[in-house]
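J.: Got a structure for you, written out below as structure tokens; questions coming shortly.
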Amino acid sequence: MAIHWTLGCDANDPGSLAEFWAQALGYEAEPGYDDPDGASIIDPDGIGPAIGFLRVPEGKSAKNRMHIDVRVAGEPPWDMVERAALIRAKVDELRSAGATFVREERYDDELGHVVMLDPEGNEFCVA
């Protein structure tokens with residue numbers, strides 16, 4: 001049996017970063033979590049892990065050693081044209097929410113994933 005777990009994240013502004021990731025992942029604020037130096041979001045269906053954000057005094061200083069892949073295209077097999085359209089639509093949505101586009105990665109001339117930065121500069125991918 002799998003163990004329930006929470007992904008813990010450092011943040012300069014936990015509330016804002018939690019709002020961004022809630023939108024990106026379809027999560028919601030954790031009911032009852034009330035901490036001025038933290039925020040927590042949960043999967044409303046109770047399937048995915050919780051994600052906690054805690055205020056830290058220092059800013060991000062290096063590349064992430066671990067990151068989130070936002071998988072909008074579902075599981076294979078894929079219609080590659082439809083998959084690319086889903087990825088690009090999510091990239092546009094996340095740019096509007098404060099993310100920064102970094103680059104597209106292609107595999108055999110097909111869109112593989114898009115590398116982005118969240119509002120605090122943390123790398124993630126949309127696939």
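J.: Can you find a residue that is among the polar types (S, T, N, Q) and modelled with pLDDT of 95 or more anywhere in segment 40-47? Don't jump to the end; show me each part of the working.
T.: Let us first name the residues in segment 40-47 that are among the polar types (S, T, N, Q), namely 40.
With the extra rule that they be modelled with pLDDT of 95 or more, the set shrinks to 40.
Among the residues of segment 40-47, at least one is among the polar types (S, T, N, Q) and modelled with pLDDT of 95 or more, which makes the answer yes.
J.: So, Glu75, is that one charged (D, E, K, R), farther than 19 Å from Gly26 by Cα, without any contact (Cβ under 8 Å) to a residue 24 or more places away in the chain and not assigned by TED's automatic domain parsing to the domain that holds Trp21 or not? Full working, then the answer.
T.: Details: charged (D, E, K, R): yes; farther than 19 Å from Gly26 by Cα: no; without any contact (Cβ under 8 Å) to a residue 24 or more places away in the chain: yes; not assigned by TED's automatic domain parsing to the domain that holds Trp21: yes.
Answer is no for this residue.
J.: Of the residues that sit in segment 101-127 and are in contact (Cβ under 8 Å) with a residue 40 or more places away in the chain and in contact with a Phe, Trp or Tyr (Cβ under 8 Å, 6 or more places away or on another chain), which one is nearest to Trp78 (Cα to Cα)? Reasoning before the result, please.
T.: Applying the first criterion (in contact (Cβ under 8 Å) with a residue 40 or more places away in the chain) to segment 101-127 yields 113, 118-127.
From the residues that got through so far, the ones that are in contact with a Phe, Trp or Tyr (Cβ under 8 Å, 6 or more places away or on another chain) too are 118-119.
Working: Asp118: 27, Pro119: 30 Å.
Looking at residues that are in contact (Cβ under 8 Å) with a residue 40 or more places away in the chain and in contact with a Phe, Trp or Tyr (Cβ under 8 Å, 6 or more places away or on another chain), I get Asp118.
J.: Among the numbered conditions (1) in a loop (DSSP other than H, G, I, E, B); (2) under 16 Å from the mean Cα position of the chain (by Cα); (3) farther than 17 Å from Ser16 by Cβ; (4) not polar (S, T, N, Q), tell me where Gly121 comes up short.
T.: The one condition Gly121 does not meet is (3).
J.: If I filter segment 49-62 down to residues being at pLDDT 95 or above and not in a strand (DSSP E or B), which single residue comes out as nearest to the chain's Cα centre (by Cα)?
T.: First, pick out the residues of segment 49-62 that are at pLDDT 95 or above: 49-56.
After this cut, where a residue has to be not in a strand (DSSP E or B) as well, the list is 49, 56.
Values: Pro49: 12, Val56: 19 Å.
Residue satisfying both the conditions and the ranking: Pro49.
J.: Let me ask another. Test Ala73 against the criterion of being surrounded by fewer than 18 Cβ atoms within 10 Å (Cβ to Cβ) and more than 12 Å from the chain's Cα centre (by Cα), and give yes or no. Please lay out each step first, then the result.
T.: Working: surrounded by fewer than 18 Cβ atoms within 10 Å (Cβ to Cβ): no; more than 12 Å from the chain's Cα centre (by Cα): yes.
In short, no.
J.: Looking at segment 86-106, which of the residues that are surrounded by 15 or more Cβ atoms within 10 Å (Cβ to Cβ) and among the β-branched types (Val, Ile, Thr) is nearest to Pro119 (Cα to Cα)?
T.: Val91
J.: Output the residues belonging to segment 1-40 that are of a type in the set (S, T, N, Q) and free of Cβ contacts under 8 Å to residues at least 60 places away in the same chain.
T.: The initial filter retains those residues of segment 1-40 that are of a type in the set (S, T, N, Q), namely 6, 12, 16, 23, 40.
Thr6, Ser40 - these are the residues of segment 1-40 that are of a type in the set (S, T, N, Q) and free of Cβ contacts under 8 Å to residues at least 60 places away in the same chain.
The values are calculated or read from the model by the stated rules, or taken from the named source; none is laboratory data. Computed from a predicted model, the values in this text were never measured in an experiment. Neighbour counts are summed over all protein chains in view; Cβ atoms, including those assigned to glycine, are modelled from backbone coordinates with ideal geometry.
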